[in-house]
1. Please count how many residues of the stretch 1-44 are within 22 Å of N69 (Cα to Cα), touching a Phe, Trp or Tyr at 6+ places or on another chain (Cβ under 9 Å) and crowded, with 16+ Cβ neighbours inside 10 Å.
2. Please find, within the stretch 97-126, the residue that is nearest to L59 (Cα to Cα) out of those that are among the aliphatic types (A, V, I, L, M) and in a loop (DSSP other than H, G, I, E, B).
3. All but one of (1) touching a helix residue (DSSP H, G or I) at 6+ places or on another chain (Cβ under 8 Å); (2) farther than 25 Å from A23 by Cβ hold for E131, so report the exception by its number.
4. All but one of (1) under 23 Å from V75 (Cα atoms); (2) exposed (fewer than 12 other Cβ atoms within 10 Å of the Cβ); (3) not small (G, A, S) hold for R179; state the number of the condition that does not hold.
5. Would you pick out the residues in the stretch 91-116 that are in contact with a strand residue (DSSP E or B) (Cβ under 9 Å, 6 or more places away or on another chain), aliphatic (A, V, I, L, M) and surrounded by fewer than 16 Cβ atoms within 10 Å (Cβ to Cβ)?
6. Mind checking which helices (runs of 4 or more DSSP H) fall wholly inside the stretch 1-72 and carry at least 1 residues that are touching a residue at least 60 places away in the same chain (Cβ under 8 Å) and at negative phi?
7. Among the residues that make up the stretch 121-139, is at least one of them touching a strand residue (DSSP E or B) at 6+ places or on another chain (Cβ under 7 Å) and at pLDDT 95 or above?
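The values are calculated or read from the model by the stated rules, or taken from the named source; none is laboratory data. In this text the structure is predicted, and so the values were computed from the model without any measurement. Using ideal geometry, Cβ is built from the backbone for each residue, glycine included, and neighbour counts are taken over all protein chains shown.
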Amino acid sequence: MNDPVVRLEQWIADAGGFDSVDAVAMCLATADADGSPSARIVLLRGLDARGLQFFTSYLSRKGRELQENPRAAAVLYWARLQRQVRIEGSVVELPEGESDAYFASRPRGHQISAWASEQSAILESYGVLEERFTHFELRFEGEEVPRPHSWGGFLLQPSRIEFWEGRANRMHDRIAYARIGNTWSAVRLQP
């Protein structure tokens, strides 16, 4: 298969599709301006020829790190299928219209939480967070919840995608794709 994005779409479908949290949970690694890495699980919320889409607070640790150092790596792993995909590339913010559309599709409680939580900031008590949630529930009562300007989407634009499939006797199958301009080249790697 010459297009790794199409192959990734198929592997996600094999794992349960975009409606399955287990299929789209990915480890996202970022680094700050000094190169200190951090990683966490986020949900892959979209995939197309441009790359992988995920959403968060721009003020969260990952949001700040991506503004300081707009490169990232991600891993999707499906243990029961013995499959893993590694992605590396540059990251840009999604256009506001795409962030607005995704935000509007989220459950109302998730929308209010985006207003209530200053993601990654120190929290003096959980009660404060609950009070903020209640405040924004009342503030937006009877109306649509708008997307906060501090929240939106990122696009991981892959320059490298590696597919790994487990095999007996650790004779794993690995294929690495590298983007050269608008095309992909592939090589098979030893396990």
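1. Residues that pass the stated criteria total 4.
2. It comes out as A121.
3. Condition (1) is where E131 drops out.
4. Here R179 meets the rest and fails (2).
5. V92
6. 4-14, 61-68
7. No: zero hits.
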